[in-house]
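The values are calculated or read from the model by the stated rules, or taken from the named source; none is laboratory data. A quick note: this is a predicted structure, and the numbers were derived from the prediction, not measured. Glycine also receives a Cβ, built like all others from the backbone with ideal geometry; neighbour counts cover every protein chain displayed.
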Amino acid sequence: MKAHLINVGTYLPERRVNNLDRLEEFEVDEDFILNKTGVAKVSRKGLEETGTSMCLKAWERLLAKQSDAAEAVDALIVVTQNPDNNIPHMSAILHGALELPKNCLTFDISLGCSGFVAALATMDGLIRAGTIKRGLIFTCDPYSVVVDDHDKSTALLFGDGAAVTLSVVMGSMRSALLISAPSAETGTI
């Protein structure tokens with residue numbers, strides 16, 4: 001049994017900061033923005049938006065594509081470096097908002113770039129062990145809350161957004177994307 005990624009819902013706030021409007025401020029040229037960073041615009045959440053509200057909007061978009069996404073969810077993992085609160089954790093808040101079963105495993109992973117891969121490996125391990133059959137991985141970071149808007153090394157790169165991925169067990173069926181743990185011999189995924 002392996003974990004298969006079935007569908008993804010995403011949300012980016014409407015507001016954008018155009019990095020090309022900041023060339024003089026950061027003493028860079030258009031080539032730096034477009035070819036070195038590759039990020040022409042970064043998304044910024046609204047004042048009333050939170051990590052949880054962005055996750056819920058990503059969830060709504062997943063449901064629009066995959067109406068059975070909420071059926072029999074056994075696990076919910078949230079990956080974020082910037083939770084709305086320390087306690088209760090975001091996965092518990094989302095668990096309640098999604099009205100998932102009481103026996104649904106929920107926890108947060110506090111990692112940045114490697115967080116989604118860590119959550120995938122964790123979900124795959126739970127599925128391979130037979131602990132769960134269906135899980136959700138939310139990733140969310142409202143970086144605008146912590147990034148200094150005048151710091152060239154971060155302000156041009158990190159935006160706000162959320163996504164949710166539905167992962168399910170599927171025997172030996174073929175899938176476009178299988179999750180595998182890193183190889184101890186090669187260190188690759």
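Would you confirm whether any residue within the range 101-113 is modelled with pLDDT of 95 or more, surrounded by 14 or more Cβ atoms within 10 Å (Cβ to Cβ), among the hydroxyl-bearing types (Ser, Thr, Tyr) and more than 19 Å from residue 143 (Cα to Cα)? Within the range 101-113 (the criterion being modelled with pLDDT of 95 or more, surrounded by 14 or more Cβ atoms within 10 Å (Cβ to Cβ), among the hydroxyl-bearing types (Ser, Thr, Tyr) and more than 19 Å from residue 143 (Cα to Cα)), the answer is yes, since at least one residue qualifies.
Among the criteria (1) modelled with pLDDT under 95; (2) buried (at least 19 other Cβ atoms within 10 Å of the Cβ); (3) in a helix (DSSP H, G or I); (4) of a type outside the set (Gly, Ala, Ser), the one residue 4 does not fulfil is (3).
There is no residue in the range 133-153 that is in a loop (DSSP other than H, G, I, E, B), modelled with pLDDT under 90 and over 16 Å from residue 170 (Cβ atoms). Restricting attention to the range 82-93, the residues being among the polar types (S, T, N, Q) and buried (at least 16 other Cβ atoms within 10 Å of the Cβ) number 2.
Selection over the range 86-106 of residues that are more than 17 Å from the chain's Cα centre (by Cα) and either within 17 Å of residue 123 (Cα to Cα) or in a loop (DSSP other than H, G, I, E, B) (or both) gives a count of 10. Scanning the range 1-26 for residues that are of a type in the set (Asp, Glu) and without any contact (Cβ under 8 Å) to a residue 40 or more places away in the chain, we see that the one that is nearest to residue 127 (Cα to Cα) is 14.
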